[in-house]
């Protein structure tokens with residue numbers, strides 16, 4: 001869908017009181033696609049997300065010779081698994097702007113003997129890959145950078161001949177996830193040399209892998225073992241918890257009520273716990289077996305470490321701007337190398353709207369001083385910045401979002417979905 005740029009946001013006439021329906025999880029869809037591709041037999045993914053990031057994964061799988069059948073209207077994807085042995089297609093594939101696709105595709109390509117070139121758009125080419133490259137080289141895989149060192153594009157030639165490796169845990173959980181997903185087809189032991197960040201994403205990976213029959217074990221947080229291969233599975237993808245954060249935040253800044261079904265205390269996604277952060281800020285939070293609900297205003301500033309749910313940091317920055325007392329967010333220095341610098345970006349945009357905000361090495365401080373002022377917010381081609389700062393426009397008139405089409409990366413229907421709040 002073509003959007004007006006900059007895109008005007010109409011304020012809510014009254015606080016929402018509604019149940020919001022959301023698309024499937026991007027993180028789970030891409031993990032399930034890799035498991036299904038490597039499985040013995042055919043898998044059916046239900047509730048799958050169709051967005052730029054998942055389309056990138058589907059394109060990579062197709063380039064590697066994995067057959068899929070897609071029904072976008074029904075949100076289903078049928079995948080013919082290769083039984084852990086890639087078809088041997090000499091491919092040149094692109095992850096586009098998708099970090100999950102890039103970090104999953106490189107180890108996936110390493111399972112085969114046929115060289116595969118993994119490339120990406122300029123934004124993803126700038127993001128680091130060195131830790132994963134080093135771990136794969138220690139497994140006997142040949143990686144030849146075709147541009148800057150430790151960046152995409154890279155030519156990958158397997159197979160994996162050494163079934164153990166080491167990897168820092170404090171750069172990106174996607175590096176370990178990619179190794180785990182591919183490693184289950186060949187058996188692999190990974191030693192983390194530093195403490196892991198975003199641990200809920202590793203737990204999510206483990207849960208999806210087990211659903212497809214893989215074996216996942218770990219000693220504390222430092223050693224992970226995977227193996228056993230995958231089997232074809234009928235798999236239901238739950239709604240996207242990161243997408244849910246924007247709608248729960250809408251309740252928090254307006255004093256309304258938003259409920260989302262399909263997410264609850266048993267969710268695979270750590271971002272469902274963003275609701276608990278809003279609870280610390282004064283909202284009423286209900287987390288059931290299969291729903292999450294937030295009501296009432298987030299009036300109280302907090303001091304919080306968001307290292308486990310870092311995708312919600314821009315959203316919390318906006319919520320903090322509507323509170324009555326200051327908030328400090330820490331533990332998120334590693335998100336400076338996401339699609340944009342998600343520490344500096346939220347601070348710059350809050351300052352643009354007259355909010356007193358300040359960044360430091362691994363986080364930021366927001367000191368609210370009345371309602372933010374109208375502004376046209378820059379998004380830095382970052383979907384999470386666009387969706388987070390749209391929230392300002394739900395309370396403040398005259399807000400516009402520059403480059404709104406970047407939401408296509410994970411949530412193409414975001415601006416339509418906002419209408420559920422009205």
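The values are calculated or read from the model by the stated rules, or taken from the named source; none is laboratory data. What you see is a predicted model, and the numbers here were worked out from it, not measured in a lab. Please note: Cβ atoms are built from the backbone with ideal geometry, for glycine as well, and neighbour counts cover all protein chains shown.
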task: Any chance you could count how many residues in the stretch 170-195 are part of a loop (DSSP other than H, G, I, E, B) and either more than 18 Å from residue 137 (Cβ to Cβ) or in contact with a helix residue (DSSP H, G or I) (Cβ under 6 Å, 6 or more places away or on another chain) (or both)?
output: 7
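Return the residues of the stretch 366-398 that are within 18 Å of residue 324 (Cβ to Cβ), touching a helix residue (DSSP H, G or I) at 6+ places or on another chain (Cβ under 7 Å) and part of a loop (DSSP other than H, G, I, E, B); say none if nothing qualifies. Walk me through how you get there before you give the answer.
To start, the set of residues in the stretch 366-398 that are within 18 Å of residue 324 (Cβ to Cβ) comprises 366-373, 391-392, 395-396.
Still in the list and also touching a helix residue (DSSP H, G or I) at 6+ places or on another chain (Cβ under 7 Å): 366, 368, 371-372, 391-392, 395.
368, 371, 372 - these are the residues of the stretch 366-398 that are within 18 Å of residue 324 (Cβ to Cβ), touching a helix residue (DSSP H, G or I) at 6+ places or on another chain (Cβ under 7 Å) and part of a loop (DSSP other than H, G, I, E, B).
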field: Every residue from the stretch 142-173 that is surrounded by 22 or more Cβ atoms within 10 Å (Cβ to Cβ) and either over 26 Å from residue 29 (Cβ atoms) or touching a residue at least 60 places away in the same chain (Cβ under 8 Å) (or both)
entry: 172
Members of the stretch 259-280 that are touching a strand residue (DSSP E or B) at 6+ places or on another chain (Cβ under 8 Å), within 20 Å of residue 321 (Cα to Cα) and buried (at least 24 other Cβ atoms within 10 Å of the Cβ): 275, 277, 278
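Examine the stretch 219-236 for a residue that is buried (at least 24 other Cβ atoms within 10 Å of the Cβ), farther than 30 Å from residue 370 by Cβ, under 22 Å from the mean Cα position of the chain (by Cα) and touching a residue at least 12 places away in the same chain (Cβ under 8 Å), and state whether such a residue exists. Can you show your working first?
So the first thing to find is which residues in the stretch 219-236 are buried (at least 24 other Cβ atoms within 10 Å of the Cβ), and the list is 224, 226, 230.
Still in the list and also farther than 30 Å from residue 370 by Cβ: 224, 226, 230.
Now restrict to residues that are under 22 Å from the mean Cα position of the chain (by Cα): 224.
Narrowing further to those that are touching a residue at least 12 places away in the same chain (Cβ under 8 Å): 224.
Yes: the stretch 219-236 contains one or more residues that are buried (at least 24 other Cβ atoms within 10 Å of the Cβ), farther than 30 Å from residue 370 by Cβ, under 22 Å from the mean Cα position of the chain (by Cα) and touching a residue at least 12 places away in the same chain (Cβ under 8 Å).
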query: Going by the conditions given, is residue 49 in the same structural domain as residue 142 (by TED's automatic domain parsing), within 30 Å of residue 257 (Cβ to Cβ) and either surrounded by fewer than 16 Cβ atoms within 10 Å (Cβ to Cβ) or touching a helix residue (DSSP H, G or I) at 6+ places or on another chain (Cβ under 8 Å) (or both)?
result: yes
task: Output the number of residues of the stretch 346-365 satisfying the condition of being over 26 Å from the mean Cα position of the chain (by Cα) and assigned to a loop (DSSP other than H, G, I, E, B).
output: 3
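Okay, residues lined up against (1) in a helix (DSSP H, G or I); (2) touching a helix residue (DSSP H, G or I) at 6+ places or on another chain (Cβ under 7 Å); (3) closer than 30 Å to residue 285 by Cβ; (4) in contact (Cβ under 8 Å) with a residue 12 or more places away in the chain:
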| site | (1), (2), (3), (4) |
| --- | --- |
| 197 | no, yes, yes, yes |
| 202 | yes, yes, yes, yes |
| 206 | yes, no, yes, yes |
| 210 | yes, no, yes, no |
| 250 | yes, yes, yes, yes |
